[in-house]
Amino acid sequence: MNPLIETHRLKIRPWSYADIDHYLTLAKDVGYNSFSLPGQFALEPNEARERIKDRIDLFESKKVGKFLLLSKDSGEVIGTCGLGAYELDGQEEMEIGYRIRLQHWGMGYATEAAAATLDYGFKNLGFDRIVAFALPQNRSSIRVIEKLGYRYLKNFFHAEIPHALYELTKDQYVQCKSNPASVPHPLIGVDHTRLMVKNLEQSKKWYANALGISPWLDTPDYVEFRVNQSGLSMSQSDEKSPYSTGGQVAYWRVQDVDKTVQFFAAQGASIFRGPLDIENGEAICQICDPFGNVIGLIGKRKSTGGSM
């Protein structure tokens with residue numbers, strides 16, 4: 001099936017009857033289910049098919065629903081994101097929702113998918129307002145909502161549980177899209193923190209034992225652990241970045257590394273390392289602020305594609 005929406009990492013499409021395995025993968029994932037009520041998802045193929053039928057019917061009639069998120073690179077199911085009707089104070093609203101599998105938390109997929117879905121809702125379907133809500137303690141979801149430009153309205157009860165309610169109007173959306181200067185900065189969120197270590201192999205073993213997990217990525221020059229929704233990574237120290245209590249760099253997820261470098265250069269920052277191309281068409285770069293502090297950037301290189 002052709003995607004309904006595409007982003008730089010995702011294919012976003014409606015459900016089909018061939019997606020039973022995808023449904024069951026999501027239904028059994030603890031991260032995807034972490035804020036769900038018991039029994040919300042079917043766990044058997046026949047039941048899953050009935051749930052998928054409901055989603056197919058909804059899309060065919062209304063062109064909305066919680067769509068599948070699939071990796072462009074691997075075809076792996078990442079989660080879901082989409083739009084659906086929600087009754088609020090006696091009035092039908094359009095609500096955006098997203099869920100991501102645990103192993104993909106902290107990688108910016110929710111923000112990426114939700115931004116594209118809002119574009120679809122406002123441009124293609126012509127909605128005037130799209131609301132969003134989350135449990136106040138679900139800080140990850142709240143951060144995604146805030147990054148998308150939503151405005152807090154109030155707390156209210158959903159499923160007899162307090163939730164925080166936010167709104168984004170079409171006018172606000174158009175203003176942000178037509179006037180990039182209204183967006184205060186290009187940083188999406190911290191992707192990972194890197195430690196510059198004296199002995200990479202010893203450090204890897206120590207953190208694996210201390211955290212009780214294996215490295216998510218393990219190469220001769222770079223090791224990364226996924227810790228909750230962020231990454232803890234380490235590289236061998238050198239003369240430029242010695243190991244010490246100050247040998248840590250937080251890497252911020254950005255949409256475009258080159259544009260973000262230019263953004264900070266205009267504020268007086270300079271390139272410290274990179275950009276360096278890494279896996280999945282992404283790059284990393286370190287910039288140094290005027291006071292000697294190093295900030296890491298990670299994301300695509302859409303602007304130039306060349307070395308800086």
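The values are calculated or read from the model by the stated rules, or taken from the named source; none is laboratory data. For clarity, every value in this text was computed on a predicted model and none was experimentally measured. No Cβ is skipped: glycine too gets one built from the backbone with ideal geometry, and neighbour counts run over all protein chains shown.
Residue selection: Q229 satisfies the criterion of being in contact with a Phe, Trp or Tyr (Cβ under 7 Å, 6 or more places away or on another chain) and either among the small types (G, A, S) or modelled with pLDDT under 85 (or both).
Determine whether E95 is within 25 Å of I161 (Cβ to Cβ) and of a type outside the set (V, I, T). Criteria met by E95. Per this entry, V30 is counted among residues that are at pLDDT below 90, β-branched (V, I, T) and within 30 Å of H192 (Cβ to Cβ).
Scanning region 126-155 for residues that are within 16 Å of E92 (Cα to Cα) and either among the β-branched types (V, I, T) or assigned to a strand (DSSP E or B) (or both) yields a total of 5. Checking each residue in region 246-262 for being aromatic (F, W, Y) and at pLDDT below 85 picks out only W252. Do the conditions hold for I78, that is, is it touching a residue at least 60 places away in the same chain (Cβ under 8 Å), part of a strand (DSSP E or B) and either in contact with a His (Cβ under 7 Å, 6 or more places away or on another chain) or surrounded by 15 or more Cβ atoms within 10 Å (Cβ to Cβ) (or both)? Against the criterion (touching a residue at least 60 places away in the same chain (Cβ under 8 Å), part of a strand (DSSP E or B) and either in contact with a His (Cβ under 7 Å, 6 or more places away or on another chain) or surrounded by 15 or more Cβ atoms within 10 Å (Cβ to Cβ) (or both)), I78 qualifies.
Table: residues versus (1) in a loop (DSSP other than H, G, I, E, B); (2) surrounded by 12 or more Cβ atoms within 10 Å (Cβ to Cβ); (3) modelled with pLDDT under 80; (4) not charged (D, E, K, R).
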{"residue": "H185", "(1), (2), (3), (4)": "yes, no, yes, yes"}
{"residue": "D191", "(1), (2), (3), (4)": "no, yes, yes, no"}
{"residue": "I213", "(1), (2), (3), (4)": "yes, yes, no, yes"}
{"residue": "S235", "(1), (2), (3), (4)": "no, yes, no, yes"}
{"residue": "S244", "(1), (2), (3), (4)": "yes, no, yes, yes"}
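When the criteria are applied in full, I298 meets the requirement of being buried (at least 18 other Cβ atoms within 10 Å of the Cβ), touching a helix residue (DSSP H, G or I) at 6+ places or on another chain (Cβ under 8 Å) and among the hydrophobic types (A, V, I, L, M, F, W, C). Name the residue, out of L58, L83, L26, L69, that is buried (at least 20 other Cβ atoms within 10 Å of the Cβ) and assigned to a helix (DSSP H, G or I). Every option except L26 fails the conditions. Scanning region 107-146 for residues that are of a type in the set (F, W, Y) and in contact with a helix residue (DSSP H, G or I) (Cβ under 9 Å, 6 or more places away or on another chain), we see that the one that is surrounded by the fewest Cβ atoms within 10 Å (Cβ to Cβ) is F127.
Of the residues making up region 103-146, those that are in contact (Cβ under 8 Å) with a residue 60 or more places away in the chain, of a type in the set (A, V, I, L, M, F, W, C) and within 23 Å of R226 (Cα to Cα) are W105, M107, A113. Taken over region 37-57, the criterion of being in contact (Cβ under 8 Å) with a residue 24 or more places away in the chain and not β-branched (V, I, T) is satisfied by L37, P45, A48, R49, R51, K53, R55.
Figure legend. Inter-residue proximity from region 265-287: first residues assigned to a loop (DSSP other than H, G, I, E, B), second residues surrounded by 12 or more Cβ atoms within 10 Å (Cβ to Cβ), beta-carbon distance below 7 Å, spacing 6+ or different chains. Indicated pairs: A269/I287; A269/C288; A269/D289; I278/I284.
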